[in-house]
1. State which residue is farthest from A:Leu106 (Cα to Cα) when the search covers only region A:232-252 and only residues that are surrounded by fewer than 22 Cβ atoms within 10 Å (Cβ to Cβ) and under 10 Å from the mean Cα position of the chain (by Cα).
2. Filter region A:168-181 down to the residues that are in a loop (DSSP other than H, G, I, E, B) and either among the acidic types (Asp, Glu) or in contact (Cβ under 8 Å) with a residue 24 or more places away in the chain (or both) and list them by number.
3. Would region C:12-32 turn up any residue that is modelled with pLDDT of 75 or more and either under 23 Å from A:Arg133 (Cβ atoms) or hydrophobic (A, V, I, L, M, F, W, C) (or both)?
4. Can you tell me which residue among A:Leu290, A:Leu283, A:Leu272, A:Leu305 is without any contact (Cβ under 8 Å) to a residue 40 or more places away in the chain and either part of a helix (DSSP H, G or I) or within 19 Å of the chain's Cα centre (by Cα) (or both)?
5. When you scan region C:117-135, do you find a residue that is modelled with pLDDT of 80 or more, of a type in the set (Phe, Trp, Tyr), over 27 Å from C:Thr201 (Cβ atoms) and in a helix (DSSP H, G or I), even just one?
6. Would you mention how many residues in region B:303-345 are under 26 Å from the mean Cα position of the chain (by Cα) and of a type in the set (A, V, I, L, M)?
7. If you go through region B:215-227 one residue at a time, do you hit one that is closer than 26 Å to B:Gly72 by Cα, of a type in the set (A, V, I, L, M, F, W, C) and free of Cβ contacts under 8 Å to residues at least 40 places away in the same chain?
8. Being polar (S, T, N, Q) and either touching a strand residue (DSSP E or B) at 6+ places or on another chain (Cβ under 8 Å) or touching a residue at least 60 places away in the same chain (Cβ under 8 Å) (or both) is the filter; apply it to region A:206-236 and report the residue that is farthest from the other protein chains (Cβ to nearest Cβ).
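The values are calculated or read from the model by the stated rules, or taken from the named source; none is laboratory data. None of the values given here were measured: they were computed from a predicted structure. Heads up, the Cβs are rebuilt from the backbone with ideal geometry, glycines too, and the neighbour counts pull from every protein chain shown.
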Amino acid sequence: MTVIKTLLIRVTRLAAVVLAVSFLTFSLTKLLPGDPVNVILGPQASNETVRAAVEKDLGLDKPFITQYTSYIGGAVQGDLGRSYNSKFETTTLLRQKLPATLELMLLAQLISILISVPLAMYSAYRANTRTDRAITTTAFGLISFPNYALAVALVWLFAVQLRWFPAIGYKPIEAGLGANLKSMALPVAALVAGLMAVYTRLLRSDLIATLQEDFVLMAKSKGLPTWHILLRHALRPSSFSLLTVFAINFGALIGGSVIVEQFFVIPGVGSLAIESILRRDYLVVQGVVLLIATSFVLVNFAVDLLYSVLDPRVRRASA
Amino acid sequence: MSAPRSARRVLGPAPEAGALLDVEGFRTHFETPAGTVKAVDGVSFTLERGQTLGIVGESGSGKTVLARSIMGLLTARNVQRSGRVAYNGQDLVGASKQQQRALWGTEMAMVFQDPMTSLNPVMRIGRQITEGLRYHLDLPKGEAAAQAVQLLESVGIPDPNRRINQYPHELSGGMRQRVTIAIALACGPKLLLADEPTTALDVTVQAQILDLLNEQQRERHMAMILVTHDLGVVAGRTDEIAVMYAGQIVERAPTRTLFSSLRMPYTEALLRSIPKLEQPSHTRLSIIGGRPPDLINPPAGCRFAPRCPYAQAKCHTEPPPLVEADTPGHVYRCWFPVGSAAGLEALERNLAEHNPAAEAAATGDAAAAAAVEG
Amino acid sequence: MTDIAATALSAPDMPSPPGTSAPAARHNGALGFGGWLSAIWLTVITTSTIVAPWLPIDDPRITDFAVPNNSPIGKAGHLLGTDQNGFDIFSRLIWGGRVSLIVAVGVLAIGMVVGGSIGLLAGFWRGKLEILLMAIVDIFLAFPALILLIAIVAFLGADLTNVVVGISLVSIPAFARIARATTLTFSQREFVLAARAAGATNRRIILKEILPNVLLPLLAFGLLVVGIAIVAEGSLAFLGLTSQETISWGGMINGGRPALQRENIAHTAMLPAFVMFLTVLAVNFLGDRFRAAFDVRDAVL
């Protein structure tokens, strides 16, 4: 009963956030200067008749609220409108661009976690030793490294000097897994460096706090081996902030990999966002923002549920 | 990892000769930026099989550090142990981490002060009991679980079959402490270190937990070190008591002897701070004025001298050695012991000079005791 | 973006050693070696960019036709060589620092004043204002910050003012959140309660009791935002979204890319990348020390 109620409240709040984001985007595109009709018509833009016809065709002559409600009405049914520019459905464009972004993001997240969890565990266990200092200092440096600067350095080293990977370009999986992964290596590395550093720092500091807990001393006094204590006792209660940031990144990286996508010429959602912003292709911009906001909200919801799996105390509090 | 485990099994039924635990000139120092903290500074005692030793002292006297350090649980890099701790004849101070760990859980185990924090909040109680059993004794899952249920039953937890699937937050404080005791007992240790096991608990539950500890100890013929700040706790439950102050044992005697003929003024002060049933309910408790000394630069003479009602000039300059009283097995560290002519004379001299510590001791007045702090 | 980096960077570096209650006195308010290096580096960058017009360096917008474009370090009187347009790299690095400095100061000022005020008022008066603030923060968190920033700059025009306004706008919610959290902790403290009991007006309590205490933690957080802002401006310049007239490190990296990829000439892109890295590192490092001193993490979480 109460579980369902809290769940309902949460879902309503999340839906409200998505709605607010979409409304904000919608208003921004109307408020800010730059008219899509101008872009579509080019030199013909001064012709009032043509202009009115185009505006009517796009539904831009209707009042703001009507435009917004019809947009949301369509969005609920999976219709995000047509691109002003290419005449493609926005959903079609998103579906085309999403795989590359998803692959980039998933690979980067997976590799970052695989590297940072053992690294953080080792660093926390050996806190304040030379190895730990080396790890934390490196992580600190990587966080301060702008990803475009890193991308430039990576391309120079691995593509220009060593010729291990192509400098730019994207090969879809259909072109063969090897070629695909090769084309993804440098973009993924550019993202991994920063993510891994953030994750390592977060988990390390939480682990250090947990390792001071009485129950860790208790586990130690049972004569359990160190790896067992780190893995079974310390890791789970230390993973909450890592989990939160990790989850937020699933949403954030869809838009946050813009730079990497642009640099490496990967046809992803980030590149789509930039192109459509520059072309005043508002419906596509709105589609991208809506996609990002929705995934952000969904991921957050999933994290909330995961918390209650990880921590039985939360389970009781929310029940 | 398997090597020390099998080695332990060979060691297991060791010859029943000599003391179980022999501590000699044991020190535990912490290197800190402010200086070396001498938390345990030359402690000696022996503990026979099946016997109970009470270690009593204020907070900050080093008793918790002593217990943890004997076991070897303090592994921070700034910890320095020296002197001798022999368990069953095996030296622990020079032993490697692996050798020490091989004893934890199976030979010696610890019950911690606060059961709210010493149980893992995100692990089921059953798992917390069985993980030791499965690791040390290689028990299969089902057998370990059955043994966990049995253990919970033996420490007086009702409905153990349900409890093993619960999380710590679903249990009361007393129940949780019973669980930690069950965990400590799981692999059949021969030495149990109980560090203030009742301090964090409700007064009504304290006696039950202490009784449980005593009962388990008798049944298992297990030796126990009971660390507490409350002389009342150890009164009827220990064979011997060691009183600690500022990292040293200042008096040690068989329990009965200590209560009948204590020598050390500090012990006297501790004793006076226990509420007594025969006192009218609003009698003020005597509090020991002042604070335990700085463990980086302890006082040059007797460490208790600054707060002692008996203290004379000599006490502030010359550290008293541990000397034997006429009662057997009784040692203390004082120039002017309680109950001696010298002590009585010292106290009277201090009273005549309106020494605040002496007046506080004489009148049992907490307000006067507070004045000693100034 | 801001929030993720914030959580990660504000994690404390040093726990106190287990077994002792004595806190690690390792830094104890002192900057330490790295802190001094950072401070020196930032001072050098700041002063040289401010006095750039009077420095004896080449004009950053004049092509030197006497040497080939992309000429290497130390060639023909160019300390760090020339770039793809034959401009002097050393001079452009110094002038490029101006943009970073303006962005840093601008965003810090706007974020502190606007975000700080919102957070302080919300934390002090709680109630509906606070609910509204938290709702806005929620929405902003779900909003892709970089895309919003790109949109603002693309729509409003690519001059430096809009870049500063855009980055400030994106970081205001974070400032507000920190200010609110810090205010909440302080408004429960004894000295505030005492002032209230003594009949002080709300205005007086906010200005005299709470503001001085919120200011330093907020500034400590602000240093983190400064690092992010410098990177963000670089991102926009790197994507070619800012005015081509502005000399910016990000723009220099972008300009040097073709030569790096095609002709194996690295210094034109790598030098600005390195200078930017050092600057952001120095800002982050000082911010880290600063936050450790004020324990901002407690307030953030």
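1. Across region A:232-252, the extreme among qualifying residues is A:Ile248.
2. Of region A:168-181, the ones in a loop (DSSP other than H, G, I, E, B) are A:168-172, A:176.
A:Ile168, A:Gly169, A:Tyr170, A:Pro172, listed by residue number.
3. Initially, region C:12-32 is screened for residues modelled with pLDDT of 75 or more, giving C:32.
Subset that is either under 23 Å from A:Arg133 (Cβ atoms) or hydrophobic (A, V, I, L, M, F, W, C) (or both): C:32.
Checking region C:12-32: at least one residue is modelled with pLDDT of 75 or more and either under 23 Å from A:Arg133 (Cβ atoms) or hydrophobic (A, V, I, L, M, F, W, C) (or both).
4. Details: A:Leu290 fails: without any contact (Cβ under 8 Å) to a residue 40 or more places away in the chain; A:Leu283 fails: without any contact (Cβ under 8 Å) to a residue 40 or more places away in the chain; A:Leu272 fails: without any contact (Cβ under 8 Å) to a residue 40 or more places away in the chain.
The unique qualifying residue is A:Leu305.
5. There is no residue in region C:117-135 that is modelled with pLDDT of 80 or more, of a type in the set (Phe, Trp, Tyr), over 27 Å from C:Thr201 (Cβ atoms) and in a helix (DSSP H, G or I).
6. Summing the residues that are under 26 Å from the mean Cα position of the chain (by Cα) and of a type in the set (A, V, I, L, M) in region B:303-345 gives 6.
7. Within region B:215-227, none of the residues are closer than 26 Å to B:Gly72 by Cα, of a type in the set (A, V, I, L, M, F, W, C) and free of Cβ contacts under 8 Å to residues at least 40 places away in the same chain.
8. Here is the first cut: in region A:206-236, the residues polar (S, T, N, Q) are A:210, A:212, A:221, A:226.
Filter again for either touching a strand residue (DSSP E or B) at 6+ places or on another chain (Cβ under 8 Å) or touching a residue at least 60 places away in the same chain (Cβ under 8 Å) (or both), leaving A:221, A:226.
Working: A:Ser221: 4, A:Thr226: 9 Å.
The residue in question is A:Thr226.
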